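In what follows, a single structure is set out as structure tokens and then discussed.
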Amino acid sequence: MDFAFNDDQQLLKNAARSFLDEQCTSAVVRGLWDDPRGESEAMWKDMAQLGWLGLSLPEAYGGSGLGMVETAILLEEMGRAAYPGPYLPTVLAAHAIAAAGTKEQKARWLPGIATGGARATSAFVDSDLSWDPATTATRAEKAGTGWRLSGAKQFVAWAHVADVVLVPARAPEGLTLFLVEPASAGLALKPVTAIDLGTRWAAIALDNVSVGPDAVLGAPGSGERLVTELLRRGSVAASAEMLGAARRCLDMSVGYAKVREQFGQPIGSFQAIRHKCAEMLLEVENSHAAVYYAAWALDAAAPDAALAASVAKSYVSEAARRVCGEALQVHGGIGFTWEYDLHLYQKRAKALEPMYGDADWHRELILRHVTD
Amino acid sequence: MDLRYSSDDLAFRDATRRWFETNVPKVELKTLDERREWHRTLFAAGYVGMGWPPEYGGQAASALRQAIVADEMARVNAPPTINGLGIGIVGPTIIHHGTEAHKHRYLKKILAADELWCQLYSEPNAGSDLASLKTRAEDKGDHFEVNGQKIWTSYGAISDWGLLLARTDTSVAKHRGISCFLINIRQPGVDVRPLKQVTGNQEFCEVFMTGARVEKSDLVGRLGQGWEIAQTTLSYERGGNSLARVTRYTSAFHELVKAARGLRRGGRPLIDDPLVRAKLGRIYAELEVQRYAALRVLSALDKGEGPGAASSITKLSYSEFEKRYFELALEILGPYGQITAGLPEQLNTRVSASSGHGETWAYAYLWSRAGTIYSGSSEIQKNVIGERVLGLPKEARADRVK
Ligand SMILES: Cc1cc2nc3c(=O)[nH]c(=O)nc-3n(C[C@H](O)[C@H](O)[C@H](O)COP(=O)(O)OP(=O)(O)OC[C@H]3O[C@@H](n4cnc5c(N)ncnc54)[C@H](O)[C@@H]3O)c2cc1C
């Protein structure tokens, strides 16, 4: 029984830390916040080179066949850097294609994703913002050998740079997952601007969008299981990224509390500040345990993997929000400025908080797991 | 990272599980003699003092195996050993700091619960600031004479011996003038008076020492080394019990869900009330996080990595969680949660607090207030985390030794 990272995992973490420290400085992040596209093509190619984009894809398609623990390690570091870009949505969608796709679908998308040529995302929620796949309202009707999709999707991450979007829609057979290219006729993207400019969302309107029979991922009617699995992975992935953002805020707070002096002494010598930092550390360490337990459980197909994903998402969503918020308090006025970097991480954690199901939804899922 | 148990550890767990399922007492143990007998049964089966070195009656068992046993005991709600402080604190202190003569004289009797022990540290005016203690031990040539008062001494009334901190030198800085002794508390100079706790039980006591005698040979370590020894003692207190603790919380949670199914409010079972569901879901998530964190600590302990000051995070985490947990349980149960006798049949379950001996929700709720006070209060833990884990500057303190 070993909860620590093995040597390879530690190396991956160190490599990610140094790459992002160099290539994804807060100046770079701020530059991308102001960029209409919002992400860097060069960084994306570098990440492909480092093997990050194919990290958990099968070797046959250019991947390294690693698991959720390794993915979480990278995402934690990305959260720590407030990395702006479609990494999380791309690897999540790629995982679904690898898990459920036909040979042709895999060949069409996976090598491109692994080498940095393609990006992907998923359109999970309709206008009612429910994360319960059973409530999906977007419809799929048979049209010849193919399908016609209609509906409205909200908060699709990085849709404006995606080459393919996973769209769950209700078909006569039941919920079905479709691979849709954003350039399709009848599909309209409407970007929104939110507080984390390193996270880009768009609304997608589907008005009788025609797709072929080869657009179905898995069998028609198999969507509920697939989406549920994807949301589980997404929950753990988002938790890892929130953990990274929270730890960054904690580190900045501790550093600041050591040097900022008031009343003739460092503010960290006041218990009100020191105890706050201790509580923040407690929540960060508990979040670490939650994220990596859940990631390991997914990799090991442990019987409690689904439960652990919901535990992580519900716990870390709130813990990260609190830690980042308390960091601002520890900093005082400087923490409230745009110039100071704290808000980059605080906003990243906040952006991920409702995604893949918020804390309340996951608590309901937890209760179903333990009482049913 | 791999959280699976090895096949050897799994086999050990299965054997342990079978043993406890067969041997756990079927009726409540009421008298001290009954509990002592259960303790000896556990000892004979190899489940007491497992982590101690073999030459002193232990098996040098890994942290994981010790946690497995504690966890299996929790699963069947087995009564604890009776010499908890002897096994967990006094024995390890003697093993680390005692003489060969101490080891021969005391260790076996601790394991077999022939002699029960308590910890004589806190005083009326020396709690968190333990180093300010005033109890004196004076060298009388062939023995030490002890005068002073201890308080909050758990199990004082049933103990035969105490691990004592007393001042032997008033001329040096307060931390340096303290020594550690083994004292027989069944002697005329020692008066033990039980104190009633908020739970209604009498687990802790006041201990008055007036001209009490400690043999010269019962000094542990050197004169003036008491504070240093006490620091290592405190770290034994936070071992690998966290997994078992979570197992007890988990069984309590299932009892709570059962209760929420049985109780109706506003025409429907409580378990169908979205507010109740949200509360239950939240606390279960926290409970699981405690379990994952316990595994993380256990994995480090198992590799021989002492958690050091980071053990303060564990202690702060579970003790604060336990308060939230039982507060929530009593919110859900309403006034039923406060009943100590005469509970309706469907709520009449055995709920085991993390320690102590009560088995009602009410008892567990009250007892949960103790954990953030003993072994270093939450405020003290946060000071330790701030200073020693995060490296924040020390606070200005009137008594700081320069
Ligand atoms: C159930 C129980 C069993 C116990 N068993 C034993 C036993 O077997 N043997 C034994 O020796 N003792 C035992 N104790 C005593 C325990 O160790 C002390 O109660 C504890 O050290 C706190 O001391 P105090 O009660 O004097 O509180 P105080 O130290 O007076 O603390 C009062 C309040 O002030 C806070 N405070 C104190 N100092 C600081 C600081 N520097 N910064 C911020 N806040 C501070 C505390 O956190 C607390 O909230 C037991 C206590 C309990 C509740």
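The values are calculated or read from the model by the stated rules, or taken from the named source; none is laboratory data. The structure displayed is predicted, hence computed values, not measured ones. Glycine also receives a Cβ, built like all others from the backbone with ideal geometry; neighbour counts cover every protein chain displayed. Note: accessible area is taken over every heavy atom of the protein model, side chains too, but ligands, DNA and RNA are not part of it. Shrake-Rupley method; radii C 1.70, N 1.55, O 1.52, S 1.80 Å.
Of the set (1) over 19 Å from residue B:321 (Cα atoms); (2) modelled with pLDDT of 95 or more, all apply to residue B:373 but (1).
Does residue B:68 qualify as being away from the ligand (no atom under 16 Å from the Cβ) and within 14 Å of chain A (Cβ to nearest Cβ)? Yes. State yes or no: is residue A:293 among the hydroxyl-bearing types (Ser, Thr, Tyr), more than 14 Å from chain B (Cβ to nearest Cβ) and either open to solvent by 10 Å² or more (accessible area, probe 1.4 Å) or in a helix (DSSP H, G or I) (or both)? So residue A:293 does not fit the description; no.
Within this structure, residue B:177 passes the test of being surrounded by 16 or more Cβ atoms within 10 Å (Cβ to Cβ), outside the structural domain of residue B:36 (by TED's automatic domain parsing) and more than 15 Å from the ligand (Cβ to nearest atom). Please determine whether any residue of region B:198-221 is away from the ligand (no atom under 12 Å from the Cβ), more than 14 Å from chain A (Cβ to nearest Cβ) and without any contact (Cβ under 8 Å) to a residue 24 or more places away in the chain. Among the residues of region B:198-221, not one is away from the ligand (no atom under 12 Å from the Cβ), more than 14 Å from chain A (Cβ to nearest Cβ) and without any contact (Cβ under 8 Å) to a residue 24 or more places away in the chain, which makes the answer no. Under the condition of being within 14 Å of chain A (Cβ to nearest Cβ) and open to solvent by 50 Å² or more (accessible area, probe 1.4 Å), the residues counted in region B:12-47 number 1.
Filtering region B:195-228 down to residues that are modelled with pLDDT under 95 and β-branched (Val, Ile, Thr), which residue is surrounded by the most Cβ atoms within 10 Å (Cβ to Cβ)? Looking at the filtered set, the residue picked out is B:199. Residue B:143 meets each of the listed conditions (1) open to solvent by 40 Å² or more (accessible area, probe 1.4 Å); (2) more than 16 Å from the ligand (Cβ to nearest atom) apart from (1).
In this structure, is residue A:121 of a type in the set (S, T, N, Q) and free of Cβ contacts under 8 Å to residues at least 40 places away in the same chain?
Against the criterion (of a type in the set (S, T, N, Q) and free of Cβ contacts under 8 Å to residues at least 40 places away in the same chain), residue A:121 does not qualify.
Could you please let me know if residue B:395 is near the ligand (Cβ under 10 Å from one of its atoms) and either in a helix (DSSP H, G or I) or modelled with pLDDT of 90 or more (or both)? Considered against the rule, which asks whether it is near the ligand (Cβ under 10 Å from one of its atoms) and either in a helix (DSSP H, G or I) or modelled with pLDDT of 90 or more (or both), residue B:395 comes out as no. Is it fair to say residue A:274 is open to solvent by 20 Å² or more (accessible area, probe 1.4 Å), within 14 Å of chain B (Cβ to nearest Cβ) and farther than 30 Å from residue A:107 by Cβ? The answer is no for residue A:274.
Considering only residues in region A:96-139 that are assigned to a strand (DSSP E or B) and of a type in the set (A, V, I, L, M), the one that is nearest to residue A:39 (Cα to Cα) turns out to be A:120.
Looking at B:284, B:336 in this structure, which one is within 14 Å of another protein chain (Cβ to nearest Cβ) and either outside any loop (DSSP other than H, G, I, E, B) or free of Cβ contacts under 8 Å to residues at least 60 places away in the same chain (or both)?
When all the criteria are applied, what remains is B:284.
Residue B:378 satisfies every condition listed in (1) within 16 Å of the ligand (Cβ to nearest atom); (2) under 27 Å from residue A:288 (Cβ atoms); (3) out of contact with any Leu (no Cβ under 9 Å at 6 or more places or on another chain) except (3). Among the residues of region B:71-97, those that are farther than 30 Å from residue B:254 by Cα, away from the ligand (no atom under 16 Å from the Cβ) and in contact with a Leu (Cβ under 8 Å, 6 or more places away or on another chain) comprise B:94, B:95. Against the conditions (1) more than 16 Å from the ligand (Cβ to nearest atom); (2) assigned to a loop (DSSP other than H, G, I, E, B); (3) at pLDDT below 95, residue B:354 satisfies every one except (1). Please specify each residue of region B:381-392 satisfying the condition of being within 11 Å of the ligand (Cβ to nearest atom) and either assigned to a loop (DSSP other than H, G, I, E, B) or of a type in the set (S, T, N, Q) (or both). Across region B:381-392, the qualifying residues are B:381, B:383.
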